[in-house]
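Before any comments, here is the structure.
The values are calculated or read from the model by the stated rules, or taken from the named source; none is laboratory data. Since we're looking at a predicted model, the values are computed, not measured. Glycine gets a Cβ as well: all are built from the backbone with ideal geometry, and neighbour counts include every protein chain shown. For accessibility, only protein heavy atoms count, side chains too; no ligands or nucleic acids. Shrake-Rupley method; radii C 1.70, N 1.55, O 1.52, S 1.80 Å.
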Amino acid sequence: MSDDLIDLHTHTNQSDGSASPEELIRTASSKKARAVAITDHDTVAAIPEARTAADRFGIEFVTGIEISAEYSPGTMHLLGYCIDEKSVLLAEKLDALKKARQKRNPQIARRLQSLGFDIGYGEVIQLAGNEIVGRPHFAKLMVEKGYVASIQEAFDRFLKKGAPAYVEKARLSPSDSIALIHDAGGVAVLAHPYQLKVSPEKVENLIAELRDLGLDGIEAIYSRHSPAERSSYAEIAARHGLLVTGGSDYHGSYKPDISIVTGVGDLEVPYALLEAVKARAAARAEHVS
Ligand code: AMP
Ligand code: ZN
Ligand code: FE
Ligand code: FE
């Protein structure tokens with residue numbers, strides 16, 4: 001295996017992954033990663049521990065975040081890279097997103113209870129063990145209580161958008177999400193575009209609109225993208241002057257089929273993609289100062 005591989009999309013136990021920041025970096029090191037970004041949902045809490053561990057293991061560490069934007073019919077997630085995790089505006093907005101989760105989560109618990117499941121919000125908080133409590137934590141508790149055989153089954157039957165226990169939460173608009181990432185000095189990348197759930201004919205227009213809002217890149221190389229999707233999104237990126245990035249979306253035991261660096265087995269994200277991301281962040285910093 002090449003020693004030039006990286007992973008720019010991973011989650012720790014500070015959001016809905018199972019590995020601690022240190023464990024995640026150690027696992028990435030055992031898979032010979034040259035660089036890793038942690039992209040927890042709505043939090044930068046993993047960064048200090050991960051940075052220290054990365055120094056120790058000789059891995060380049062990239063700061064990151066994943067923000068869920070207002071969008072339908074599918075989901076739109078925006079990744080921010082090279083962000084300043086100490087940005088005050090970022091902290092403010094992330095706090096608002098955390099509050100939106102705290103409003104939504106008891107409603108999810110009530111929906112599950114009305115469906116006949118003994119799922120208390122307190123138990124879910126305890127299982128999550130961090131401030132960012134999300135649907136995967138509900139799903140895992142349902143597995144532990146024997147209501148479903150897998151986290152995926154919990155989503156498919158109860159928790160996915162449109163399913164009986166799904167509850168909307170307040171989100172930032174795509175435009176505000178991109179602006180927030182830029183304000184924190186970061187590079188804004190559209191995560192896993194297949195989840196937008198738009199037809200191949202329409203996706204290019206949507207991406208062009210996001211580019212006009214300031215989008216910097218597309219995560220073309222993604223665990224759950226087929227080889228054809230990876231090339232097609234990379235071609236769209238090239239046509240619109242956007243960067244290409246890639247990552248596994250590693251969540252540890254919350255997405256048991258996805259390994260860090262290698263995804264479901266065929267993921268290969270070359271280091272050169274990160275160099276382009278860093279160059280874009282540096283160019284923006286130059287422009288601002
Ligand atoms: P939340 O932020 O609480 O809405 O949860 C979003 C997270 O749940 C995503 O980042 C995924 O990790 C997971 N997720 C969302 N939709 C699905 C799905 N249909 N199947 C499996 N996992 C999902
Ligand atoms: Zn997640
Ligand atoms: Fe995502
Ligand atoms: Fe993710």
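Of all residues in segment 178-225, those satisfying the criterion of being within 16 Å of ligand 2 (Cβ to nearest atom) and not in a strand (DSSP E or B) are Ala191, His192, Tyr194, Gln195, Ser223, Arg224.
Among the numbered conditions (1) in a helix (DSSP H, G or I); (2) within 20 Å of Thr39 (Cα to Cα); (3) of a type in the set (S, T, N, Q), the only one that Ser231 does not meet is (2).
Candidates in segment 3-26 are the residues that are out of contact with any Phe, Trp or Tyr (no Cβ under 8 Å at 6 or more places or on another chain) and open to solvent by 50 Å² or more (accessible area, probe 1.4 Å); of these, the one that is nearest to ligand 2 (Cβ to nearest atom) is Gln14.
Quick grid of which residues meet (1) closer than 25 Å to Lys86 by Cα; (2) at pLDDT 95 or above; (3) of a type in the set (Gly, Ala, Ser):
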| site | (1), (2), (3) |
| --- | --- |
| Ile178 | yes, yes, no |
| Ala191 | yes, yes, yes |
| Leu206 | no, yes, no |
| His225 | no, yes, no |
| Thr262 | no, yes, no |
| Tyr271 | no, yes, no |
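So that you can scan it fast, the table gives a plain yes or no per residue for (1) crowded, with 24+ Cβ neighbours inside 10 Å; (2) of a type in the set (A, V, I, L, M, F, W, C); (3) closer than 29 Å to Val88 by Cβ:
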{"position": "Pro193", "(1), (2), (3)": "yes, no, no"}
{"position": "Ala220", "(1), (2), (3)": "yes, yes, no"}
{"position": "Leu242", "(1), (2), (3)": "no, yes, yes"}
{"position": "Ser259", "(1), (2), (3)": "no, no, no"}
{"position": "Ala282", "(1), (2), (3)": "no, yes, yes"}
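Take the conditions more than 16 Å from ligand 4 (Cβ to nearest atom), open to solvent by less than 60 Å² (accessible area, probe 1.4 Å), more than 20 Å from the chain's Cα centre (by Cα) and in contact (Cβ under 8 Å) with a residue 24 or more places away in the chain and apply them to Ser29. Does it pass? Yes; evaluated as a whole, the condition is true for this residue.
Among residues belonging to segment 32-43 that are crowded, with 24+ Cβ neighbours inside 10 Å and among the hydrophobic types (A, V, I, L, M, F, W, C), point out the one that is farthest from ligand 1 (Cβ to nearest atom). Top of the filtered list is Ala33.
Let's see how each residue does on (1) of a type outside the set (A, V, I, L, M); (2) not in a helix (DSSP H, G or I):
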{"site": "Ile6", "(1), (2)": "no, yes"}
{"site": "Asp16", "(1), (2)": "yes, yes"}
{"site": "Lys32", "(1), (2)": "yes, yes"}
{"site": "Ala45", "(1), (2)": "no, yes"}
{"site": "Glu49", "(1), (2)": "yes, no"}
{"site": "Glu66", "(1), (2)": "yes, yes"}
{"site": "Asp84", "(1), (2)": "yes, yes"}
{"site": "Lys93", "(1), (2)": "yes, no"}
{"site": "Leu97", "(1), (2)": "no, no"}
